[in-house]
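The values are calculated or read from the model by the stated rules, or taken from the named source; none is laboratory data. Just so we're clear, the structure is a prediction, and the values are computed from it rather than from any experiment. With ideal geometry, Cβ positions are generated from the backbone for all residues, glycine too; neighbour counts draw on all protein chains shown. When the accessible area is computed, the model is the full protein with side chains, heavy atoms only, and any ligands, DNA or RNA have been set aside. Shrake-Rupley method; radii C 1.70, N 1.55, O 1.52, S 1.80 Å.
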2 protein chains.
Amino acid sequence: MALPNGPVTASSEAEAVLFDLVDVYDRAYEAAAAELSLSPAQACVLGRLDERRGMGGLAEELGCDASNITQIVVRLEALGLVTREPNPRDRRARLVARTPRGDEINHRFATAFTFARTAVGRLSPDEQDQLTALLRKALG
Amino acid sequence: MALPNGPVTASSEAEAVLFDLVDVYDRAYEAAAAELSLSPAQACVLGRLDERRGMGGLAEELGCDASNITQIVVRLEALGLVTREPNPRDRRARLVARTPRGDEINHRFATAFTFARTAVGRLSPDEQDQLTALLRKALG
DNA sequence: ACAGTTATTTGAGTGAATCAAGTAATTCCT
DNA sequence: AGGAATTACTTGATTCACTCAAATAACTGT
């Protein structure tokens with residue numbers, strides 16, 4: 001379990017509850033991935049392969065080094081969850097795509113990761129709108 | 001930069017903005033730690049040493065294996081940010097405490113991690129209360 | 001065709017995390 | 001009091017995420 005990105009000092013209740021939310025979210029994500037024997041990073045990459053795409057695009061979207069993606073994809077490939085085919089348009093590049101089994105695991109992950117759904121579901125539609133508006137404003 | 005604990009599918013706007021929040025929060029935490037050449041885990045542990053305490057308590061609070069704490073504390077000790085003294089009451093145990101330099105770095109970290117403060121600060125006091133109430137309800 | 005750029009991989013290194021096993025000191029039981 | 005069980009922590013082995021620097025190959029523009 002990853003250590004929480006904890007509150008050193010929470011100077012308001014809103015900050016404290018924000019931290020709680022982040023911590024619970026992150027742990028739920030990790031737990032859902034673990035149910036399927038995936039690391040959070042693997043679940044993340046798998047979840048972004050709805051269409052086949054290149055390594056570079058993944059690295060850019062996820063804000064990490066390309067070699068990090070290489071490793072994660074190699075492991076997903078070893079698990080039989082993705083394939084890496086040469087890109088016919090550009091022979092330097094590779095196209096990553098989920099296998100059928102990858103689709104299934106990804107779907108099961110989406111089902112297992114209920115946290116956001118459940119949390120939002122505790123709110124009425126009006127409250128959901130309010131929350132959305134408040135968080136958007138808070139995010140700037 | 002850690003990969004985001006991404007949304008596989010966001011079935012509502014509230015869920016999507018929740019994910020955004022978590023992602024931005026986590027990245028800000030990591031960035032603040034990096035400014036002080038700390039890993040997120042190191043910043044986390046350092047932030048929980050307002051009073052001297054044992055390794056076991058840290059492990060329990062942070063929900064990880066004790067040996068993980070040992071490693072992190074060893075590194076913090078090597079950086080001169082914490083000390084590990086034998087517990088006079090129980091010679092099996094060790095008491096971890098921040099050094100003055102640890103206090104300073106921890107304080108600078110708290111200053112550098114502005115995200116929660118800033119985000120909440122964009123809201124009026126009323127809105128902050130609303131947000132707190134909504135998130136509490138969502139957390140169940 | 002040649003130089004420069006781009007896509008990806010490889011290799012080396014750090015750190016987080018877990019598990020299993022070990023050590024030492026405490027507690028509990030009779 | 002004495003021995004067994006428990007507790008607190010460390011060590012060692014392993015896996016994975018992550019970064020950086022360097023290598024390889026293939027593309028692009030002139």
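Residues in segment A:10-35 that are of a type in the set (Asp, Glu) and out of contact with any Pro (no Cβ under 8 Å at 6 or more places or on another chain) were compared, and the one that is farthest from the other protein chains (Cβ to nearest Cβ) is A:Glu35. Kindly evaluate B:Leu38 against the criterion of being in a loop (DSSP other than H, G, I, E, B), within 12 Å of DNA strand C (Cβ to nearest atom), more than 8 Å from every other protein chain (Cβ to nearest Cβ) and not hydroxyl-bearing (Ser, Thr, Tyr). For B:Leu38, the condition - in a loop (DSSP other than H, G, I, E, B), within 12 Å of DNA strand C (Cβ to nearest atom), more than 8 Å from every other protein chain (Cβ to nearest Cβ) and not hydroxyl-bearing (Ser, Thr, Tyr) - is met.
Looking at A:Val96, A:Val73, which one is within 9 Å of DNA strand C (Cβ to nearest atom), at pLDDT 95 or above and within 14 Å of chain B (Cβ to nearest Cβ)? Full working, then the answer.
Details: A:Val96 fails: within 14 Å of chain B (Cβ to nearest Cβ).
Only one candidate qualifies: A:Val73.
If you filter segment B:69-97 down to residues that are near DNA strand D (Cβ under 8 Å from one of its atoms) and assigned to a helix (DSSP H, G or I), you find that the one that is most open to solvent (accessible area, probe 1.4 Å) is B:Gln71.
Quick check on this structure: which one of A:Ala28, A:Ala16, A:Ala10 is surrounded by fewer than 19 Cβ atoms within 10 Å (Cβ to Cβ), part of a helix (DSSP H, G or I) and free of Cβ contacts under 8 Å to residues at least 12 places away in the same chain?
A:Ala16
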